[in-house]
Amino acid sequence: RIYRDIIAKERRGDYLGAESLAFLGDTLVKNGEADMGLPYLETLLQRYPQSPFVAVAHARLAEQLLLKNDFSNALAHASLAVDAASDPQLMMESVFARAKSLQRLQRFPEAIEAYNTVIANRVSPRALKPEAMLGIAASLEAQGRVKEAIPYYQRIYVLYPAYTKAM
């Protein structure tokens, strides 16, 4: 709440360094206030393009672009985030965004490969794994490989019953 009050008074963030811009942008976007958070992330990319925090900016921008159905730009940002990420969990979030972008661009074999990376990696956030299985199943179905998709749906039912959205 304190950060929100500070942000409301000074929206530009000209006085903030790369780490503060990344923290504020990331926090606001994750809390559903993308309209307030994205300017901080964009400022980070403009002012500190060599910063180790650019991966956060690219990852969150990719997620927001996916929500806006801008799949080509989402793919570009997700790929940049994967390349720049030093945090393994952020990297897996970026790989997931990349996979989702590829799926929406109907590049199904590449999407399946990326989704499998998310599923196979231990540092992937657990909530992404059933979503990745759904992505693989949908990609297989879109290619007419329905029999191969069924086991992915079954695995979600068996392995991830707590994730009701995926169920």
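The values are calculated or read from the model by the stated rules, or taken from the named source; none is laboratory data. Treat the numbers as computed from the prediction; the structure is a model and nothing was measured. With ideal geometry, Cβ positions are generated from the backbone for all residues, glycine too; neighbour counts draw on all protein chains shown. Each accessible area value is taken on the protein alone, full model and side chains, heavy atoms only, with ligands, DNA and RNA left out. Shrake-Rupley method; radii C 1.70, N 1.55, O 1.52, S 1.80 Å.
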Considering residues of the range 4-34 that are acidic (Asp, Glu) and modelled with pLDDT of 90 or more only, the residue surrounded by the most Cβ atoms within 10 Å (Cβ to Cβ) | ASP26
Contact list, first residue from the range 138-152 and within 21 Å of SER101 (Cα to Cα) and in a loop (DSSP other than H, G, I, E, B), second anywhere and open to solvent by less than 60 Å² (accessible area, probe 1.4 Å) and not charged (D, E, K, R), beta-carbon distance below 7 Å, six or more apart or interchain, is GLN143/PHE108
Given (1) of a type outside the set (Phe, Trp, Tyr); (2) open to solvent by less than 80 Å² (accessible area, probe 1.4 Å); (3) farther than 27 Å from GLY32 by Cα, index of the condition LEU159 fails = (2)
Result of the Cβ filter at 8 Å on the range 25-52, keeping first residues that are under 21 Å from PRO88 (Cβ atoms) and partners that are crowded, with 18+ Cβ neighbours inside 10 Å and of a type in the set (D, E, K, R), at least 6 apart or interchain, is GLY25/ARG60; ASP26/ARG60; VAL29/ARG60; VAL29/GLU63; LYS30/ARG60; LEU41/ASP26; LEU41/ARG60
Out of (1) crowded, with 21+ Cβ neighbours inside 10 Å; (2) modelled with pLDDT of 95 or more, what's the single condition that is false for ASP70?
-> (1)
Matching option when the condition is among the polar types (S, T, N, Q) and touching a helix residue (DSSP H, G or I) at 6+ places or on another chain (Cβ under 8 Å), among SER79, SER20 = SER79
Please determine, by comparing only the residues of the range 89-123 that are β-branched (Val, Ile, Thr) and in a helix (DSSP H, G or I), which one is surrounded by the fewest Cβ atoms within 10 Å (Cβ to Cβ).
-> THR117
